[in-house]
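Beneath this line is the structure, given in structure tokens, with notes to follow.
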Amino acid sequence: MKRILVGVMAAMLAAAAQNSEAERQLKAAINAELVNGDLKAAIKQYAEIAAKYKNDRAVTAMALVHMAECHQKMGEAESRQIYERVLREYADQKEPAAKARMRLASLGGGVPSHSSIMTRQIWAGPNVADVGPVTADGRYVPYTDWGTGNIALHDLTTGENRDLTHKGTYMDSSEEGEEPVIAPDGKHVAYSWLGKELRYQLRVVGTTENAPSAPRVLYENQEVDWIAPYAWSPDGEWIAVQLQKKDRTAQIGLVNAATGALRVLKSIDWRLANSIFYSPDGRYLLFDLPAGDDTDQRDVFVLATDGSREIPAVMHPAFDVAMGWTPDGKQLLFASNRSGSMGVWALSFQNGRTQGSPVLIKSDIGQAWPLGVSRSGALYFGVRPHGQDLYEAAIDFESGKVISTPSPIVEEFVGANRTPDWSPDGKYLAYQSRRDPTGNGFDILAIRSLNSGEVRELHPKLSWFFGPRWAPDGRRIAVGASDRKGRNGIFTIDPQSGDVSPVVINQPGEYSVLPKWSPDGKKIYFRRGDLTKGQFTLVARDLATGNERLLLRATGEPWPLDISPDGRYLVFGKPDPISRQATLLILPVEGGEPRQVLQLPRPQEFGNFLTWTPDSRSILFRKRLAPTESDAGEVWLAAIDGSSTRQVHLNLANIHDIRIQPGTGKLALTGGIMSGEVWVMENFLSALTAKR
Amino acid sequence: MLFLLAAAVTIPLGLDLYMPVPEENPITTEKIELGRRLFFDRRLSRDGSIACSSCHDPKRSYSDGRALAVGVFGRVGRRNAPALINRGYGRSFFWDGRAATLEAQVLKPIEDPNEMDLPIAEAAARVNLTSQELSQALASFVRSILSGDAPFDRFIQGDRSALNSAQQAGLQLFRGTANCAACHSGPNFTDERLHNTGVAWRDGKFADAGAGKGNFKTPTLREVARTAPYMHDGSLPTIEDVIEYYDRGGNRNPALDEEIRPLRLSSEEKRDLAAFLRCLQQ
């Protein structure tokens, strides 16, 4: 009896050891996939786990789901077969089976009622972030190459990319193209251009490969802070635009593609449409707007292009955004979360009126933004870049050696979390988490208790905010932000109530960012840009009196920025005016001459963050090696006396922030491979007809 | 100059091409003309002494120059007669925003005992119309009262000489330090919303609660130089008085709008701001 018991126990121990080894290997594979972004290596590891630990059904099922997800990210068809295998062979494994079912549904073909709809991913990668609507033949999409700021064209058939503008890199110029929209004939792309004077223009550039044309400024007005194209009229004569005036209110209008004349159709207060689509007959614009200042609800409208009437098309408590028109113009398409998740819906539109009730075409499309409908009736949509998350790690601040490699901190809303900051007592971590159903808008401010793991979510009344910095007394969090009346500046958020207070409100033509607290909490240091003069300043603001002191005036953009823990110095990156090399400088908080700490050889740049070590003797920074969006960057540690510069091998791609926990010196990081996606939904028209 | 539309709507420079018009009351030349005649018709008041135009005088940009409106039998109302400029773009009507449509709004003064004091049915009968025809015609006429193409509008369109340097400085203040654009926003210089500016706060209480807690609707600033006196009670006789009022942060009260705070403008800045406000008309 005793021998039998010992034998059973030995078998149990062996199984337990094997289980823990399987789990360890699974964790390593997940690390390769999510942290390193090495999908091919991850697939290999998952396949080995599935083969080696067949008896561990939980681990095997999970490995198979991850393997399928890797294939899916790479646009490979194997993903479907693997998901189906999980459902067939591992239906008893609740979580993996649910994931496989959900993924299959998103691939199309897995949901019987929508069996004729085919949804597939057609492009993915770090550049898939600001992609414009697809051409009528479904072949090309214009996009912004965020590595350089150029407007480019992606061929969805061949996968080739081609620059349409040729401004060089961000080291050559801070200019950038945004919001590209291609003309119906595919021969021109309209886009928003942020020029050297930091003012936006509406521009048009030709797409003909063998006959390149210089970009043409179509609309520029000193009284317009921002303008962007959204859609071309079917005859190519007009471009539907959205613009923001100097009083920060916005308008929807039409710009003549030949003359640049602007016809304002509708003023929309401080709100902005997510998307605007011309109807196939050119008589209407379809767009969405927030229902009010204090709500995230959006509704969908149809506006006659002659200004004669507006039809509130979709008025519903849900979040509804315009997706486009069917090719015959008889249905308008919108995305809505009314069923619990974002899905695509259709509403009949005939004789200038909506008719009947909306019909659900496809549920669970994720955080999608619309890219229009091709002539053949395929609906294109993008999924915003995701993959950034929060990690914790530890390093030796003297040697730069890694003590513990990055491991995830936050398990909720995976891929949507960023910009952490520790509370002064080190007990809480504040961070932004993206929650907009289209992935394009609002963040919440999350406050995570390190003791309990509890997360409180604050919804500050701001249209956007960035870079939370906890005040030394822990009672406020400073952010660069814009309020819901479009006023940009620096605000504080109460970490208990979420209430917002302005600290610095920009005057017209200014913008202020990167707030840093003095150790006594009495001052905020920040960078101010003057758009009218193309000039930047570093400023200290006394919070009690509101008085400001100019610390530095610069023509190059100081970025990033941090203050030393002892409160004596600011550190910032800036291009050298002569060599244009990226230079790291420190400046006494009283002002004076900045001192150079180091310079990077071109084309290297500083990226995203500078963080002073607790002893105020060294600075952690991100080095961008090349001006491409796919550059993962490196983290380095530099002594401010110039005695040493060391790379810190944190083994995490794309680190965007490092914040050091008071007391322990533990790091909180934002990192991970950001990847956006473009999807096509085919055959939805016949499915819709069948439904109707 | 005001644009009185006699035909299909012609939108002056600076205003939106789209004007919200109820589907059941499309604008027609005939209705505008009928509405215009009704607007000046004294039969719509009990004693035949008052027409809409009595308090909304075209020569004063459809206001009346008095602090408080005066109705039949010399009855003095509670509030200043607002200028009827660009009301076609309005989203709510009256100082307290109590009417949701122009069609509803235009009938109220006819019934109001302090204004025209006549039951609507009787008013309609006097002019041989139904109540609906009366309301639709008056609303159509009000929609035709448009003001745009001011020096400000030409400046915005790119004519940098349309405003002189003082007016340009005033515009900067209007959008920036003076914070006027927080409420007086968009092409019509109003957010169409309700705010407590403190004007109604007297002796520790609201002399007029407006829409509640001293809230009143933001009026347009188009033609503002012609529409004195100012505020819902006409208590501020000049543009300079209004600037002084806001410069000191209004009357502090428990419900004061968070946008109202002391401005600390210099004398020159106040002059510039007034110069800008005076260019919001032709």
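Within the bounds of segment B:155-173, is there any residue that is at the interface with another protein chain (Cβ under 8 Å from one of its Cβ atoms), under 15 Å from A:Gln251 (Cβ atoms) and of a type in the set (Gly, Ala, Ser)? Within segment B:155-173 (the criterion being at the interface with another protein chain (Cβ under 8 Å from one of its Cβ atoms), under 15 Å from A:Gln251 (Cβ atoms) and of a type in the set (Gly, Ala, Ser)), the answer is no, since none of the residues qualifies.
Against the list (1) touching an Asp or Glu at 6+ places or on another chain (Cβ under 6 Å); (2) closer than 20 Å to A:Trp123 by Cβ; (3) open to solvent by 20 Å² or more (accessible area, probe 1.4 Å), the condition A:Ala378 fails is (3). Across segment B:13-40, the qualifying residues are those that are crowded, with 18+ Cβ neighbours inside 10 Å and of a type outside the set (A, V, I, L, M, F, W, C), and the one among them that is farthest from the other protein chains (Cβ to nearest Cβ) is B:Arg36. Annotation: of all residues in segment A:180-229 being farther than 20 Å from A:Gly138 by Cβ and among the charged types (D, E, K, R), the one that is most open to solvent (accessible area, probe 1.4 Å) is A:Lys196.
Checking A:Ile444, A:Ile490 one by one, the residue that is more than 28 Å from A:Pro519 (Cβ to Cβ), outside any loop (DSSP other than H, G, I, E, B) and among the aliphatic types (A, V, I, L, M) is A:Ile444 and no other. Looking at segment A:508-568, the strands (runs of 3 or more DSSP E) lying wholly inside it that each contain 2 or more residues that are under 14 Å from A:Ile490 (Cα atoms) sit at A:510-517, A:523-530, A:535-542.
Condition check: in a helix (DSSP H, G or I), open to solvent by less than 20 Å² (accessible area, probe 1.4 Å), touching a Lys or Arg at 6+ places or on another chain (Cβ under 8 Å) and not basic (Lys, Arg). Does B:Ser140 satisfy that?
Against the criterion (in a helix (DSSP H, G or I), open to solvent by less than 20 Å² (accessible area, probe 1.4 Å), touching a Lys or Arg at 6+ places or on another chain (Cβ under 8 Å) and not basic (Lys, Arg)), B:Ser140 qualifies.
The helices (runs of 4 or more DSSP H) located wholly in segment B:1-118 that include 2 or more residues which are touching a residue at least 24 places away in the same chain (Cβ under 8 Å), of a type in the set (A, V, I, L, M, F, W, C) and more than 19 Å from B:Met231 (Cα to Cα) occupy B:29-39, B:102-105. Restricting the first member to segment B:153-174 and to residues that are on the phi > 0 side of the Ramachandran plot, and the second to residues that are surrounded by 17 or more Cβ atoms within 10 Å (Cβ to Cβ) and assigned to a loop (DSSP other than H, G, I, E, B), the beta-carbon pairs closer than 9 Å and six or more apart or on different chains are B:Gly158/A:Asn221. Kindly evaluate B:Asp57 against the criterion of being acidic (Asp, Glu), touching a Gly at 6+ places or on another chain (Cβ under 9 Å), at pLDDT 95 or above and farther than 30 Å from A:Arg263 by Cβ. So B:Asp57 passes the test.
Note on segment B:184-197: residues that are buried (at least 21 other Cβ atoms within 10 Å of the Cβ) and within 13 Å of B:Asn215 (Cβ to Cβ) amount to 4.
Conditions tested, residue by residue: (1) touching a strand residue (DSSP E or B) at 6+ places or on another chain (Cβ under 7 Å); (2) in a loop (DSSP other than H, G, I, E, B); (3) open to solvent by less than 10 Å² (accessible area, probe 1.4 Å); (4) over 30 Å from A:Thr326 (Cα atoms).
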residue	(1), (2), (3), (4)
A:Leu598	yes, no, no, yes
A:Leu669	yes, no, yes, yes
A:Gly676	yes, no, yes, no
A:Met681	yes, no, yes, no
A:Ser686	no, no, no, no
A:Ala690	no, no, no, no
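Here A:Asp247, A:Asp235 are screened, and the one residue that is assigned to a loop (DSSP other than H, G, I, E, B) and within 13 Å of chain B (Cβ to nearest Cβ) is A:Asp247. Considering B:Tyr230, B:Tyr245, the condition of being surrounded by fewer than 20 Cβ atoms within 10 Å (Cβ to Cβ), under 20 Å from the mean Cα position of the chain (by Cα) and either at negative phi or within 14 Å of another protein chain (Cβ to nearest Cβ) (or both) is satisfied by B:Tyr245 alone. Residues of segment B:179-204 being away from chain A (no Cβ under 14 Å), in a loop (DSSP other than H, G, I, E, B) and charged (D, E, K, R), which ones? Hit for segment B:179-204 is B:Asp203, nothing else. Report whether or not A:Gly253 is crowded, with 19+ Cβ neighbours inside 10 Å and in contact (Cβ under 8 Å) with a residue 24 or more places away in the chain. The answer is no for A:Gly253. Do we find a residue being more than 14 Å from chain A (Cβ to nearest Cβ), open to solvent by less than 30 Å² (accessible area, probe 1.4 Å) and within 26 Å of A:Tyr219 (Cα to Cα) anywhere in segment B:99-121? So far as segment B:99-121 goes, no, none of its residues is more than 14 Å from chain A (Cβ to nearest Cβ), open to solvent by less than 30 Å² (accessible area, probe 1.4 Å) and within 26 Å of A:Tyr219 (Cα to Cα). Listed here are the strands (runs of 3 or more DSSP E) enclosed by segment A:273-342 that have at least 2 residues being within 14 Å of chain B (Cβ to nearest Cβ) and open to solvent by 30 Å² or more (accessible area, probe 1.4 Å): A:310-314. Scanning segment B:148-174 for residues that are surrounded by fewer than 20 Cβ atoms within 10 Å (Cβ to Cβ) and not in a helix (DSSP H, G or I) returns B:Asp149, B:Gln157, B:Gly158, B:Asp159, B:Arg160, B:Ser161, B:Ala162, B:Asn164.
Looking at segment A:496-507, is at least one residue assigned to a strand (DSSP E or B), of a type in the set (A, V, I, L, M) and open to solvent by 50 Å² or more (accessible area, probe 1.4 Å)? Within segment A:496-507 (the criterion being assigned to a strand (DSSP E or B), of a type in the set (A, V, I, L, M) and open to solvent by 50 Å² or more (accessible area, probe 1.4 Å)), the answer is yes, since at least one residue qualifies.
The values are calculated or read from the model by the stated rules, or taken from the named source; none is laboratory data. What you see is a predicted model; the values in this text were computed from it and never measured. With ideal geometry, Cβ positions are generated from the backbone for all residues, glycine too; neighbour counts draw on all protein chains shown. Only protein heavy atoms, including side chains, enter the accessible area calculation; ligands, DNA and RNA are left aside. Shrake-Rupley method; radii C 1.70, N 1.55, O 1.52, S 1.80 Å.
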